[in-house]
1. What ³J(HN,Hα) values, in whole Hz, does the Karplus curve 6.51 cos²θ - 1.76 cosθ + 1.60 give for segment 131-139 when θ = phi - 60°, with x put for Gly and Pro?
2. Rounded to the nearest 5, what % of the DSSP beta bridges within segment 1-101 are antiparallel ones?
3. By how many nm would the segment from residue 147 to residue 1 grow when fully extended, if each residue of separation counts as 0.36 nm and the alpha-carbon distance is taken off?
4. Could you give the length gained by full extension between residue 125 and residue 189, i.e. 0.36 nm per residue of separation minus their alpha carbon distance, to one decimal place?
5. Considering amide H positions built from the backbone, and no H for Pro or chain starts, which residues 5 or more places from residue 3, or on another chain, come under 5 Å of its amide H?
6. Using only the alpha-carbon atoms of the chain as identical scatterers, what base-10 log of I(q)/I(0) does the Debye formula give at q = 0.16 Å⁻¹?
7. What ranking of 23, 54, 103, 179 emerges when the number of other C-beta atoms within 10 Å of each C-beta is taken as an exposure proxy, fewest first?
8. At a Förster radius of 25 Å, what calculated FRET efficiency corresponds to the Cβ-Cβ distance of residue 135 and residue 78, to the nearest 0.05?
Amino acid sequence: QPHLIRISSRDPEPPSIDYVKVSGGIFYDMMIHDFDMARFLAGDEVEEVYAQGSVLVDPEIGKAGDVDTAVVTLKFKSGTIATIDNSRRAVYGYDQRVEVFGSKGVAFNGNDIPNTAHFADANGTVGGTAYQVMWDRYEQAFVNEMNAFAKAIKEGTETPVTGEDGLYPVEMAAAATKSLKDGRPVKIAEVR
């Protein structure tokens, strides 16, 4: 069982203000994917959510009623604790990393980059840059999702992701939104 989970997810550029106005906010349109991942990595359900957020990237996002920089702490039923940080701007491209720590060790995955070659000389080391375009970053994930769906249809089996898997992160986003507004931890039961 994991003790601690840490997820960082930062996009290269914020979405348009028109999108921000209708997206439901950073917890629904961005961090919701990290909520999915945290549940999967913990193998457990979240009991309580605590969110902090600021407007540090674009004041227009704040005027639209959202934040562009956020940190959420999740407490799972088992006691596992997870932290997720999001930013709507990382000038160097998609920055998405994860770490799972437990009594038997730690597993982590660094930022995915298209080219891992490095050059080093007396002035330092230079390496590849992160993905800049969502379709490039997630191409294989989209292919895997479509293949899994097609396989379930063809074989008449359940999809690997259930309706509950879709609903629970929405409840986590609702709890994070309420937590940010109220300035306190919010139990999932409050928003269910």
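Only the coordinates and a few stated rules stand behind these numbers; no lab work does. These numbers were taken from a predicted model, which means no experiment stands behind them. Cβ: placed from backbone, ideal geometry, glycine included. Neighbour counts: every protein chain shown.
1. 4, 9, 10, 4, 5, 5, 5, 10, 3
2. On the way: 22 of 29 bridges.
Around 75 percent antiparallel, to the nearest 5.
3. 49.6 nm
4. Numbers: separation 64, 0.36 × 64 = 23.04 nm, distance 4.97 nm.
Additional length available on full extension: 18.1 nm.
5. Hits under the 5 Å cutoff: 101, 102, 103.
6. -1.13
7. Numbers: 23 16, 54 12, 103 7, 179 24.
Listing 23, 54, 103, 179 from fewest to most nearby Cβ atoms yields 103, 54, 23, 179.
8. Details: r = 36 Å, r/R0 = 1.45.
Once the sixth-power term is evaluated, E becomes 0.10.
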